[in-house]
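Read through the structure below, which is laid out as structure tokens, and then see the notes.
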Amino acid sequence: MARTVFTNGLVFDGSGSAPAPGEVVVEGDRVTEVRAGWRETHEPDDVIVDATGCTVMPGMIESHCHLTFPSAVGHIDPSFNPPLDVSFFHHIEGLESELARAERNAKILLDHGFTSAYSAGSILPMPVEVILRDKIKAGVVPGPRMRAASMERDNHPVRPDGHVEPDWQGPDACRRWVRDMAAQGYDSVKFLLSNDDVFVPGGSQITQYTAEEAAAAGEQARESGVWLNCHAQSAESVKIAVRSGFRSIYHCTYADEEALDLLESVKDTVFVSPAPGIIYANVYEGEEFGITREVAEKMGSVDALEGMARVYPEIRKRGIRALPGGDYGFPNNPIGRNARDLQLFVDVLGYTPIEMLVAATKLGGELVDFGDLGMLRPGWIADVLVVRGNPAEDLRLLQDTDNLVAIMQNGTFHKTPVPA
């Protein structure tokens, strides 16, 4: 089997060390060698990728993915736009068409350098993500290897036709939901532990589940072998999530000192994803879609951005694993712009570029937990990006697909480098 050798460029291995001259050798679907410096000669059968002027790094990992959301780069759907109009849900089509759209989004995300993804929930009461995950794994469609998540479970749902779900609240109902979602094949189950200002004025401070309901969900998740994810903005919802064993906690916008202490106590098992992309887009980039500054304030986005800017420097200081990505799929924040989150962590939340490269690779690999993934090390899965320039000096390079010279997933090129 021919080896692929990436040479003449800088190597960022995901460890946090600065990019340095080196070579990465891939054989089959694995990295076999990472070595300092460049060799003048290679084996006759080696496939040589000349990375002059580039950085070789692991594939990126999206931590808060919504592949069933409709808007992607080149495919903007203004009907799915915060604050959400329930009329959108009247236009949801059948499984086949919704799957086709998710497949389109998955390819776009892979085209933008994300070789793995951890779902933060589907908007659909149908197993689109389970089917998509399995088709990607089988090589039937291109996309990031993924962890599929259930539809987001609200604790007071009203369907567009006005129907209210009976027997929905209570510990037994939460157990039943987790059990049913696990039976459908999801990797994780999503709960809206807090509401959101987009849905209800002051919703971000409304904790929707009791400690008993969340604890029951946690017990069932462990029994069923699935993970729990949650939307949690209020301080109380963050505390309930930690105490109930939720693995990925989204936003944490208004976490107080007690919530931060709890997060720190489980920092080796829990991940947080603030999802600044959609909040920043609502505050600064929404007017084309009717999100004026006044609307952004009413939706809570202005307060949320300020809340994140207060909370996440403390999360960083405490060593809690915070990951980029989230809520891409709206018209002002379409799928494909996901790498922008890395820069927002630097500009808004106080992280460094190197920290964000580690978060998007090594820490993302720990989140998706597919084995040895997210670093360039011998024996690890060969997900490799060749990026023009040095993203450790300018993360914005990752936002332009023209700068992605090559994209390798499982040792196979999704985007083949063009010979010089």
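Against the conditions (1) of a type in the set (A, V, I, L, M, F, W, C); (2) buried (at least 18 other Cβ atoms within 10 Å of the Cβ); (3) without any contact (Cβ under 8 Å) to a residue 24 or more places away in the chain, where does Val140 fall short? Just the number, please.
(2) is the only condition that Val140 fails.
Scan the range 348-366 residue by residue and report those that are assigned to a helix (DSSP H, G or I), open to solvent by 10 Å² or more (accessible area, probe 1.4 Å) and more than 15 Å from Thr269 (Cα to Cα).
Those that are assigned to a helix (DSSP H, G or I), open to solvent by 10 Å² or more (accessible area, probe 1.4 Å) and more than 15 Å from Thr269 (Cα to Cα): Pro353, Ile354, Glu355, Val358.
Here is a yes/no grid of residues against (1) surrounded by 24 or more Cβ atoms within 10 Å (Cβ to Cβ); (2) in contact with a Ser or Thr (Cβ under 7 Å, 6 or more places away or on another chain); (3) over 16 Å from Leu124 (Cα atoms); (4) not small (Gly, Ala, Ser):
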| residue | (1), (2), (3), (4) |
| --- | --- |
| Phe12 | yes, yes, yes, yes |
| Ala18 | no, no, yes, no |
| Gly22 | no, no, yes, no |
| Val34 | no, no, yes, yes |
| Asp46 | no, no, yes, yes |
| Cys54 | yes, no, yes, yes |
| Cys65 | yes, yes, no, yes |
| Pro70 | yes, no, no, yes |
| Phe80 | no, yes, no, yes |
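Does any residue of the range 244-257 turn out to be assigned to a strand (DSSP E or B), more than 20 Å from Arg340 (Cα to Cα), open to solvent by less than 10 Å² (accessible area, probe 1.4 Å) and among the β-branched types (Val, Ile, Thr)?
Looking through the range 244-257, at least one residue is assigned to a strand (DSSP E or B), more than 20 Å from Arg340 (Cα to Cα), open to solvent by less than 10 Å² (accessible area, probe 1.4 Å) and among the β-branched types (Val, Ile, Thr).
Only one of (1) closer than 20 Å to Leu192 by Cβ; (2) touching a residue at least 24 places away in the same chain (Cβ under 8 Å); (3) not basic (Lys, Arg) fails for Asp180. Which number is that?
With (1) closer than 20 Å to Leu192 by Cβ; (2) touching a residue at least 24 places away in the same chain (Cβ under 8 Å); (3) not basic (Lys, Arg) applied to Asp180, the lone miss is (2).
Look at Thr269 and say whether it is over 29 Å from Thr115 (Cβ atoms), among the polar types (S, T, N, Q), without any contact (Cβ under 8 Å) to a residue 24 or more places away in the chain and open to solvent by 10 Å² or more (accessible area, probe 1.4 Å).
no
Sort out which residues of the range 284-314 are within 15 Å of Asp341 (Cβ to Cβ) and either without any contact (Cβ under 8 Å) to a residue 40 or more places away in the chain or surrounded by fewer than 24 Cβ atoms within 10 Å (Cβ to Cβ) (or both), and write them in order of number.
Tyr284, Glu285, Leu305, Ala309, Tyr312
The values are calculated or read from the model by the stated rules, or taken from the named source; none is laboratory data. Since we're looking at a predicted model, the values are computed, not measured. With ideal geometry, Cβ positions are generated from the backbone for all residues, glycine too; neighbour counts draw on all protein chains shown. Ligands, DNA and RNA are stripped out before the accessible areas are found, and what is left, the full protein with its side chains, is counted by its heavy atoms. Shrake-Rupley method; radii C 1.70, N 1.55, O 1.52, S 1.80 Å.
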